[in-house]
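S.K.: Shown below is the structure under consideration.
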Amino acid sequence: QVSLVESGGGLVQPGGSLRLSCVVSDSVGTVYDMGWYRQVPGKQREVVAYINQGGGRHLADSVRGRFTISRDNAKNMVHLQMNNVRPEDTAVYYCYAQIDQNGYWGQGTQVTVSS
């Protein structure tokens, strides 16, 4: 049973930094795209950043220049480094991975930006 386990969420002050990590466990397939989405109550889940096997990256306009995404293919891990965070970054962050032809989601980790 494939599972995605996220870590690193929490409370951070505006202007601070936070690092989210996600590991894909029990995968017997090929992990293609990996990424992060976020969702706030009453709104649709939105893409934050994703990265393919070769390292090609996409970041949402709202986080470009502040967040970076990286991955460790050997460990099936993806990281989101969040710098200069803003209150509007407050959301539940979900890890996503495409494994073979299927998409998988993590349980989500809360990120709260507040003073």
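The values are calculated or read from the model by the stated rules, or taken from the named source; none is laboratory data. None of the values given here were measured: they were computed from a predicted structure. For neighbour counting, all protein chains shown are included, and Cβ atoms are generated from backbone atoms with ideal geometry for every residue, glycine included. With ligands, DNA and RNA removed, areas are computed over all heavy atoms of the protein, side chains included. Shrake-Rupley method; radii C 1.70, N 1.55, O 1.52, S 1.80 Å.
S.K.: With more than 14 Å from the chain's Cα centre (by Cα) and on the phi < 0 side of the Ramachandran plot as the only criterion, which of Y104, Y32, Y96 stands out? Outline the logic, then answer.
M.R.: Values: Y104 fails: more than 14 Å from the chain's Cα centre (by Cα); Y96 fails: more than 14 Å from the chain's Cα centre (by Cα).
Going through Y104, Y32, Y96 in turn, just one is more than 14 Å from the chain's Cα centre (by Cα) and on the phi < 0 side of the Ramachandran plot: Y32.
S.K.: Does the range 4-36 hold any residues that are free of Cβ contacts under 8 Å to residues at least 60 places away in the same chain and of a type outside the set (V, I, T), and which are they?
M.R.: S21, S25, D26
S.K.: Right, something else. From the residues in the range 74-115 that are charged (D, E, K, R) and open to solvent by 30 Å² or more (accessible area, probe 1.4 Å), which one is farthest from V47 (Cα to Cα)?
M.R.: First pass over the range 74-115, keeping only residues charged (D, E, K, R): 75, 86, 88-89, 100.
Keeping just the survivors that are open to solvent by 30 Å² or more (accessible area, probe 1.4 Å) gives 75, 86, 88, 100.
Working: K75: 23, R86: 17, E88: 14, D100: 20 Å.
Result: K75.
S.K.: Answer yes or no: is there a residue in the range 18-38 that is out of contact with any strand residue (DSSP E or B) (no Cβ under 9 Å at 6 or more places or on another chain) and more than 16 Å from Q107 (Cα to Cα).
M.R.: Within the range 18-38, not a single residue is out of contact with any strand residue (DSSP E or B) (no Cβ under 9 Å at 6 or more places or on another chain) and more than 16 Å from Q107 (Cα to Cα).
S.K.: Residue by residue through the range 43-58, note down the ones that are more than 16 Å from I99 (Cβ to Cβ) and open to solvent by less than 30 Å² (accessible area, probe 1.4 Å).
M.R.: V48, A49, G55
S.K.: Shifting gears a bit: Of the residues V92, V63, V78, which is over 21 Å from L4 (Cα atoms) and among the β-branched types (V, I, T)?
M.R.: On the way: V92 fails: over 21 Å from L4 (Cα atoms); V78 fails: over 21 Å from L4 (Cα atoms).
Unique residue meeting the criteria: V63.
S.K.: Which residue, of V31, V40, is open to solvent by 40 Å² or more (accessible area, probe 1.4 Å) and among the hydrophobic types (A, V, I, L, M, F, W, C)? Show your work before the answer.
M.R.: Working: V31 fails: open to solvent by 40 Å² or more (accessible area, probe 1.4 Å).
Criteria check complete, one pass: V40.
S.K.: How many residues does the range 7-17 hold that are of a type outside the set (S, T, N, Q), open to solvent by 30 Å² or more (accessible area, probe 1.4 Å) and part of a strand (DSSP E or B)?
M.R.: 1
S.K.: Now for a different question. If we keep just the residues of the range 60-73 that are open to solvent by less than 30 Å² (accessible area, probe 1.4 Å) and over 18 Å from V23 (Cβ atoms), which is nearest to the chain's Cα centre (by Cα)? Working first, answer last.
M.R.: Initial filter on the range 60-73 (open to solvent by less than 30 Å² (accessible area, probe 1.4 Å)): 60, 63, 66-67, 69.
After this cut, where a residue has to be over 18 Å from V23 (Cβ atoms) as well, the list is 60, 63, 66-67.
On the way: A60: 12, V63: 12, R66: 14, F67: 10 Å.
That would be F67.
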